[in-house]
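The numbers here are math on the coordinates, done by the rules we state, and not lab data. This one's a predicted model, so the numbers in the text were calculated from it and none came from an experiment. Because the Cβ atoms are built from the backbone with ideal geometry, glycine has one as well, and the counts that use them run over all protein chains shown.
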Amino acid sequence: MPNSAERLRRIAELAGSVSSTLDLNAVLDHFTAAVTALRPDAACSVRLIDPVAGGYRLARAGGVRIVGRRQVIPFGRGLTHAVAETGRPLLVEEYPSDPRALEGHWSAGRGLTVYYGAPIRAADELLGVLSVNLPAGAPPTPEERDMIETLAGQAAVAMRNARLFAQSEARRRAAESLAEISRDLAQALDPEILAQQIVNGARDLLQSQGAILLRFDSDLSEFTTTAIAGDTPAADMESPVAFAVHNIAAPGDPRAPPCGGPGFPRRPTTGPALGLAIASGVDHRSHPPGGAIGSARTDDRCNRHH
């Protein structure tokens with residue numbers, strides 16, 4: 001059976017590729033390719049747990065082309081959640097009629113009425129779910145189910161390794177950026193140049209859309225823009241950081257020492273303060289364009305950062 005032997009060889013090659021790369025996109029590509037090489041008549045998808053999106057985010061799809069898949073399946077819904085909740089593989093031979101199914105309409109239209117799902121788990125951490133939709137009357141054989149589960153296990157380990165590698169690289173880049181920013185700040189004597197280097201460094205370090213540095217003068221009770229970096233309009237960032245700085249400087253307990261202490265909030269300062277806002281580079285479907293996602297404040301009363 002040369003075709004069968006060739007197919008198994010191809011699956012073995014793809015399985016080896018899954019385990020040998022530290023790039024998440026490559027892992028997902030090899031993973032879905034291996035599953036569809038096992039069952040060319042199937043459609044498969046990988047959904048990863050995404051707390052920010054509030055559900056299982058579609059990370060990759062392969063096999064029979066499907067139009068109209070949900071980008072995010074909410075937590076608590078669908079057969080994807082059933083697999084994630086139990087942490088065990090799930091076989092449903094009449095997928096469209098299952099009350100838990102969310103996307104039965106397109107699978108029935110394609111004749112893909114058999115569902116097989118496997119958890120993507122590395123050790124005790126569930127990363128996502130592999131879903132395979134197969135033709136009616138053609139569920140995966142026990143051998144195919146074992147191979148799918150093995151591939152899911154290999155992919156989980158590779159995904160975790162890719163994530164750890166990406167985090168390590170991000171920390172390395174952050175350390176290099178901080179060192180470069182520190183060198184630039186140490187050499188800057190002009191206040192305007194110093195302010196611009198601060199916002200440029202903050203934007204680059206966090207890979208954000210923009211950053212703005214506001215100066216708050218409590219004597220005048222107003223904010224002014226000191227420096228800005230990026231394309232995000234200043235007006236989109238000024239209000240959030242002004243609000244954050246104002247709240248930090250809100251009146252505290254009069255018994256508290258000037259710099260605060262155990263059980264006491266900080267008292268308001270009378271010196272000038274600086275507020276730094278970072279504009280997000282996240283998906284605008286869940287965050288307003290140019291929205292500020294963070295702020296920092298420093299003042300000259302106690303020479304501390306908050």
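Packing here is the average count of other Cβ atoms within 10 Å per residue, and on that basis the peptides 159-169, 70-80, 25-35, highest first, run 25-35, 70-80, 159-169. Near Arg60, the amide H atoms lying under 5 Å from its own belong to Val46; only residues 5 or more places off or on other chains count, and H is placed 1.01 Å from N. Remark on Gly128: its backbone amide H falls under 5 Å from those of Ile49, Ile120, a criterion applied only to residues 5 or more positions apart or on other chains, H modelled at 1.01 Å from N.
Calculate the length of the line joining the C-alpha centroid of the stretch 28-90 to that of the stretch 146-208, in whole Å. The stretch 28-90 and the stretch 146-208 have Cα centres separated by 29 Å.
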